[in-house]
Amino acid sequence: MRVLVVTAVPAERDAVTAAAPERREFPLPGGAVLHRVVPDGGAVVCDVLAAGVGPAAAAAGAATALTAAALAGDPYGLVVSAGIAGGFAPVAPVGAVVVSDTMVAADLGAQSGDGGFLSVTELGFGSHSHRAAEELVRAVAGATGAVRGEVLTVSTATGTAERAGELAGRHPGAVAEGMEGFGVAEAAKAHGVPVLELRAVSNEVGPRDKGAWRIGEALRALTGAFVTLFPVLGSSTDSLPVQGG
Ligand SMILES: O=C(O)c1cccc(C(=O)CC[C@H]2O[C@@H](n3cnc4c(=O)[nH]cnc43)[C@H](O)[C@@H]2O)c1
């Protein structure tokens, strides 16, 4: 199976490729570079792209790689948004791995004028969420020990307890917050390819305190998650189910 993994920054990309013995580099149109690893056994070929921070960069990077692969006649069978994340306490503490059953665009919409928020779904402009295929989420959570739930995609990382409470109130099933998952899911949906979001928690969602972020610990947890994920993907002989809707 060919897998595309999209991270925001090179440190996250390198944490993913560290789960396999060696990597090779392949240029993409536009100048970005895919880092390819073939984990033991060779059943999975995994291209990892550091596409930039935020949903727009993630969607553009993912779509470019998906299109290039499709035009080369060798399309991907799965796209994964991966990296570090803020975790909602107490369900996803620092060092935990999370897998998203629903990738939610949590700040894409409009203020309602009475202090509320209207999602793009409520505005009638498509969907504010993408569900990952249930059997894939279950297999990944089982293999990696990841906490499963909604992972929110935000363009502005949460920096106050008030905002954290607001998001948790609006999304009681949220386990974590990142900045790319929904963008990757949009690109995957446009190409009819299954999507997954897997992140390791570096900090708690809440008051901004970058000094308290445990980035190294999270990146090591991310590597560990991919060490266990690759055999799961390698054992899926059939094509994976596409998004749950
Ligand atoms: O400074 C470093 O060494 C470093 C190494 C790896 C990653 C980073 C990042 O800052 C990655 C930004 C990336 O992380 C996600 N993230 C992490 N915590 C949160 C959060 O609380 N809220 C939202 N997003 C978060 C996000 O996907 C960013 O793109 C630095």
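We did not get these values from a lab; they are worked out from the coordinates using the rules stated. Remember, it's a predicted structure, so these values are computed and weren't measured experimentally. Ideal geometry is used to build each Cβ from the backbone, glycine not excepted, and the neighbour counts take in all protein chains shown.
How far is it, in nm, from the label point at Ala43 to the one at Ser127 when both lie 7 Å from their Cα along the line to the Cβ?
2.9 nm
All other residues with a Cβ under 11 Å from the Cβ of Asp74 taken together, and with Lys, Arg as +1 and Asp, Glu as -1, what is their net charge?
0
What are the principal axis extents of the Cα atoms in region 2-234, in Å, biggest first?
53, 36, 33
Put +1 on the Cβ of each Lys and Arg and -1 on the Cβ of each Asp and Glu in region 2-234; which of Gly183, Val45, Val6 then has its Cα farthest toward the positive end of the dipole?
Value computed over the given set: Val45.
Rounded to a whole number, what is D in µm²/s for region 31-149 from Stokes-Einstein with the Kirkwood radius over alpha-carbon pairs (4 °C, 1.567 mPa s)? Walk me through the numbers on the way to the answer.
Working: Rh = 17.0 Å.
Once the numbers are plugged in, D ends up at 76 µm²/s.
Given 0.36 nm per residue, what is the gain on full extension from Thr228 to Val9 after removing their alpha carbon distance, in nm? Intermediate values should be presented prior to the final figure.
On the way: separation 219, 0.36 × 219 = 78.84 nm, distance 2.19 nm.
Using 0.36 nm per residue and subtracting the Cα-Cα distance, I get 76.7 nm.
Charges only on Cβ, +1 for Lys and Arg, -1 for Asp and Glu: so what's the dipole of the chain about the Cα centre, in debye to the nearest 20?
In total the dipole reaches around 340 debye.
When only C-alpha pairs under 8 Å and at least 6 residues apart count, what is the relative contact order of region 98-139, in percent?
Computed over region 98-139, the figure is 45 percent.
I'd like the trypsin sites (Lys or Arg not before Pro) in region 187-226 restricted to DSSP loop residues with at most 14 other Cβ atoms within 10 Å, sorted by number.
Arg208
How much net charge surrounds Ala50 when only other residues with a Cβ under 10 Å from its Cβ are counted (Lys, Arg +1; Asp, Glu -1)?
-1
State the answer as a single residue: which of Ala15, Ala69, Pro207 lies farthest towards the positive end of the charge dipole of the chain, with beta carbon charges of +1 for Lys and Arg and -1 for Asp and Glu, about the Cα centre.
Ala15
So what's the net charge close to Ser127: Lys and Arg +1, Asp and Glu -1, counting the other residues with Cβ under 10 Å from its Cβ?
+1
Dipole size in debye (nearest 20) for region 153-245 around its Cα centre, Lys and Arg Cβ +1, Asp and Glu Cβ -1?
Rounded to the nearest 20 debye, it is 140 debye.
State the Cα centre-to-centre distance between region 1-25 and region 68-85 in whole Å.
After rounding, the separation between the Cα centres reads 12 Å.
Which of Leu136, Leu71, Leu152 ends up with the largest GNM mean-square fluctuation for the chain, with Cα atoms connected below 10 Å?
Looking only at Leu136, Leu71, Leu152, the biggest GNM fluctuation is shown by Leu71.
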